[in-house]
Structure formats: C-alpha cells, structure tokens
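J.: I'd like to ask you about the structure that follows.
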Amino acid sequence: MINCRFENGRKTSLRHCVVDALVIDKGKILLIKRAPRLLNGGKYAVIGGYIERDEDSKQALIREAKEETGYHIMPVELFRIADNPDRPQEDRQNVAFFYLAKVIKKIGGGNDEVSEIRWFDLNNLPPKNLFAFDHYGTIELYKRYLKKKFPLPFVGKI
C-alpha cells in the first residue's frame, strides 16, 4: 500500500498499478523465474512490473519486458484487469493490467530481478505451486479463452 496525504490533509492508502504480459508465440508462453531476493523468489511469473510516473501501461510493459528478458515486445490486447484486493501471494495491494503481447525481437539479456527466462508450451507448464501471485490462474484463464472466446478485458477474480 502507498500511504499518502492529499492536498486537503486527508490521509489515505492507495494501491499500486502494475502491468503484466502474456507473451505468446506458436503455442508457447514466455515466463521468468523471479530472483531469490524478491517476493516469491524462485517462482515462475509472466513478465511485468510497476508502472512508473509519466508512462502509460503499454510503455511500462515494453520497458519491463526489455529489462527482465531482453525481448522487445508489442502489447496486442488488454486481457485482464486484476483488481481483487486480496490477490494471492501479495505483500501489498496491486491492480494489475495483463496484456496479450507478441515478440518483436530479442535485443539483449535479462536483469538481476530474473534468474531464468524460458519458453513453455501452454499445455506443459510448471506446477501451480511453482508460480508467483495469480499468474498461473491468469494463464489458465487465457487457455479457456482460446477454447471459447469471451469479452475482453476480463475483470475481477478468476
């Protein structure tokens, strides 16, 4: 939570905004393994991070992908807005914007927030308990979407 004081003196707690990318290519999804020093370290996750001041969600997504994986990606469509205040494995309340994205090209390597960068077949993912946050559930939601389309973005609990 972000604790702050408004101009009128009122105190409040606000939620962080993050972006996440389901980078899909030929039936595979790009996952990272979070560095051991991070929350949920050693667990798999989709690419993502905080939206910084003066950038929009797509700019943040492109930046995070370059930083974490060295891939230049293009956001294609907003897939899910996760605004559940009790998202699993969180130490703060985040509102996450999950985008479907495609790879443009590999332009570098990952950073120290990532211990592994790997493509997985959508039908052969690591076990659910090896995933950070609600990312496994979001990938499963995407697999359901592939079988039977529903309106996007999906909002709420999965």
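Read-outs: derived from the displayed coordinates by stated rules, not from any lab. All of these numbers come straight from a predicted model, not from anything done at the bench. Note: ideal-geometry Cβ built from the backbone for every residue, glycine included; neighbour counts use all protein chains shown.
J.: Quick one: compute the contact order of the chain, relative version, from alpha carbon pairs under 8 angstrom and 6+ residues apart, as a percent.
T.: Details: 324 pairs, mean separation 44.6, N = 158.
It rounds to 28 percent for the chain.
J.: Distance between Cα centroids, the stretch 94-158 to the stretch 52-66: provide it in whole Å.
T.: Taking the Cα centre of the stretch 52-66 as reference, the centre of the stretch 94-158 is 17 Å away.
J.: Oh, and also: Count neighbours as other Cβ atoms within 10 Å of each site's Cβ, and list the chymotrypsin sites (Phe, Trp or Tyr not before Pro) in the stretch 5-68 that are DSSP loop with at most 14 such neighbours.
T.: Phe6
J.: Next up: For the stretch 19-83, place one equal point scatterer on every Cα, skip the solvent, and apply the Debye formula. What is log10 of I(q)/I(0) at q = 0.17, 0.28 Å⁻¹?
T.: -0.62, -1.37
J.: While we're here: If you stretched the chain out fully between Ile81 and Glu7, how much longer would it get, using 0.36 nm times the residue separation minus the C-alpha to C-alpha distance?
T.: Stretched out fully, the Ile81 to Glu7 stretch lengthens by 23.7 nm.
J.: State the percent of C-alpha pairs, over all pairs in the chain, separated by a distance greater than 27 angstrom.
T.: Numbers: 2520 of 12403 pairs.
Looking at the chain, the distances longer than 27 Å represent 20 percent of pairs.
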